[in-house]
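> Here's a structure for you.
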Amino acid sequence: MKYGAMQSVQISSMEEQYHRSTGTTKVKPLSVVAVGVGEGIATILQSMGVDIVIEGGQTMNPSGEQLLAAVNSVNAPAVLLLPNNKNILLSARQVENLTDKEVHVVPASYHSPGYKDAAGL
């Protein structure tokens with residue numbers, strides 16, 4: 001080689017570099033927020049593309065305020081909300097009226113439909 005050998009090569013997305021350097025995040029068209037019990041369920045949901053997993057389950061229902069905070073924290077104009085428990089469904093439906101974002105609540109009362117919906121993204 002005329003100018004010497006390359007020591008290391010790095011190929012990066014300029015868009016990702018911009019967001020890292022400015023401290024901003026990329027706006028997604030749709031984000032997913034789900035309720036899940038335990039670290040294992042949270043890991044599975046996140047591996048399927050869920051942006052935020054709120055800790056909750058049969059006896060640990062998250063409040064409407066926690067659901068609203070999660071929905072408002074994602075950087076997307078539309079949010080798919082997976083309550084994954086019938087006890088959380090009413091709180092999740094209230095979030096639709098408390099935010100400016102377009103929220104779609106999937107009336108899943110257990111995790112299997114939530115997995116299916118998350119996998120379809």
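A short reminder: the numbers here are calculations on the coordinates, not readings from a lab. None of the values given here were measured: they were computed from a predicted structure. Because the Cβ atoms are built from the backbone with ideal geometry, glycine has one as well, and the counts that use them run over all protein chains shown.
> Which part of the stretch 63-83 falls in the paramagnetic zone of K26, meaning amide N under 17 Å from the point 7 Å along Cα-to-beta-carbon?
Residues 74-78 fall inside that zone.
> Give the shape of the stretch 25-119 as rounded, prolate or oblate, defined through the alpha-carbon gyration tensor: a ≥ b ≥ c are the square roots of its eigenvalues, a/c under 1.5 means rounded, and otherwise the shape is prolate if a/b is larger than b/c and oblate if not. Mind dumping the intermediate values first?
Details: a/c = 1.61, a/b = 1.15, b/c = 1.40.
Oblate, because a/c is 1.5 or more while a/b does not exceed b/c.
> Grab the Cα-Cα distance for Q46 and N72, subtract it from 0.36 nm times how many residues apart they are, and report the gain in nm with one decimal. Can you show the working numbers first?
Details: separation 26, 0.36 × 26 = 9.36 nm, distance 1.81 nm.
Length gained, Q46 through N72: 7.6 nm.
> Under a Cβ-only charge scheme (Lys and Arg +1, Asp and Glu -1), can you give me the dipole magnitude of the chain about the Cα centre, in debye to the nearest 20?
On the way: 8 positive and 10 negative charges, 59 e Å.
Rounded to the nearest 20 debye, it is 280 debye.
> Also, I was wondering about something else. Pick out, from P77, V95, Y18, the residue whose Cα sits farthest towards the positive end of the charge dipole of the chain, with +1 on the Cβ of Lys and Arg and -1 on the Cβ of Asp and Glu.
Farthest towards the positive end: Y18.
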